[in-house]
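A.B. asks: One structure follows; several queries about it will come next.
The values are calculated or read from the model by the stated rules, or taken from the named source; none is laboratory data. Computed from a predicted model, the values in this text were never measured in an experiment. Ideal geometry is used to build each Cβ from the backbone, glycine not excepted, and the neighbour counts take in all protein chains shown. The protein model used for the area step is the full one, side chains on, heavy atoms only, and it has no ligands, DNA or RNA in it. Shrake-Rupley method; radii C 1.70, N 1.55, O 1.52, S 1.80 Å.
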Amino acid sequence: MGKEVNSNAVNLLCEGTMIVGDVKTKNDIRIDGMIKGKILTSGRLVVGNTAKIEGDVECGNIDVMGVVMGNITASGTVSLKSPARVMGNIVSAVLAVEPGVMFNGNCQMVKKEAHEPKEAAK
C-alpha cells in the first residue's frame with residue numbers, strides 16, 4: 001500500500017536552515033535559508049529575500065529576491081526582483097530585471113527548446 005505522491009508539492013527550506021550539498025528535485029522549491037551546493041530542479045525555484053545560494057542553479061523557472069552566488073541556467077524565465085543580488089552568469093529563454101537589482105555577470109538568451117534542465121531526481 002504505497003502513498004500517493006502529490007505532484008503539486010512544494011519543497012520549502014526555511015530561514016535559519018542551511019544545507020551543504022547538492023539539492024535535486026522534480027517539484028517546485030522555495031528557499032528562504034542557505035544552500036552551499038548545486039540546485040537542480042525541473043520546476044520553479046523561488047529564492048526568498050532571506051535566502052543565500054552559493055552554487056550553480058539549473059531549473060525550469062526562477063524568481064530571485066535574495067542572493068545567488070553562482071551561475072543560473074533556466075529553460076524558461078529568470079525573474080530578478082528587487083532587492084536581489086546575483087553574482088554569476090545567466091542562461092535563459094526570458095530575463096526580467098526589476099529596478100534595484102544588482103546583477104554582475106553575463107547573460108545569454110536562448111530559445112526555450114534549446115536548453116532543457118538535466119533530469120532532476122528520479
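A.B. asks: Taking into account only those residues within the range 18-28 that are at pLDDT 95 or above, surrounded by 14 or more Cβ atoms within 10 Å (Cβ to Cβ) and of a type outside the set (Val, Ile, Thr), which is nearest to residue 66 (Cα to Cα)?
C.D. replies: 28
A.B. asks: Also: So, in the range 60-75, how many residues would count as being in contact (Cβ under 8 Å) with a residue 40 or more places away in the chain and not hydrophobic (A, V, I, L, M, F, W, C)?
C.D. replies: The first filter runs over the range 60-75 and keeps only residues in contact (Cβ under 8 Å) with a residue 40 or more places away in the chain, leaving 60, 73-75.
Those left that are additionally not hydrophobic (A, V, I, L, M, F, W, C): 60, 73, 75.
Looking only at that region, the number is 3.
A.B. asks: Could you go through the range 97-113 and let me know if any residue there is in a loop (DSSP other than H, G, I, E, B), surrounded by fewer than 18 Cβ atoms within 10 Å (Cβ to Cβ) and among the hydrophobic types (A, V, I, L, M, F, W, C). Working first, answer last.
C.D. replies: Just the residues of the range 97-113 that are in a loop (DSSP other than H, G, I, E, B), to begin with: 98-101, 105-106, 110-111.
Restricting the remaining residues to those that are surrounded by fewer than 18 Cβ atoms within 10 Å (Cβ to Cβ) gives 98-101, 105-106, 110-111.
This time we only want the ones that are among the hydrophobic types (A, V, I, L, M, F, W, C), so: 101, 110.
Yes, the range 97-113 has at least one match.
Matching residues to (1) in a loop (DSSP other than H, G, I, E, B); (2) open to solvent by 60 Å² or more (accessible area, probe 1.4 Å); (3) free of Cβ contacts under 8 Å to residues at least 24 places away in the same chain; (4) not charged (D, E, K, R):
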| position | (1), (2), (3), (4) |
| --- | --- |
| 12 | no, yes, yes, yes |
| 16 | yes, yes, yes, yes |
| 30 | no, yes, yes, no |
| 45 | no, no, yes, yes |
| 49 | yes, yes, no, yes |
| 58 | no, no, no, no |
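A.B. asks: Please specify each residue of the range 32-42 satisfying the condition of being within 16 Å of residue 77 (Cα to Cα) and either open to solvent by 10 Å² or more (accessible area, probe 1.4 Å) or among the acidic types (Asp, Glu) (or both).
C.D. replies: Passing the criteria: 40, 42.
A.B. asks: Pairs please, first residue from the range 83-111 and on the phi > 0 side of the Ramachandran plot, second anywhere and in a strand (DSSP E or B) and hydroxyl-bearing (Ser, Thr, Tyr), Cβ atoms under 9 Å, 6+ apart in sequence or on different chains.
C.D. replies: That search, which allows pairs on different chains as well, returns nothing.
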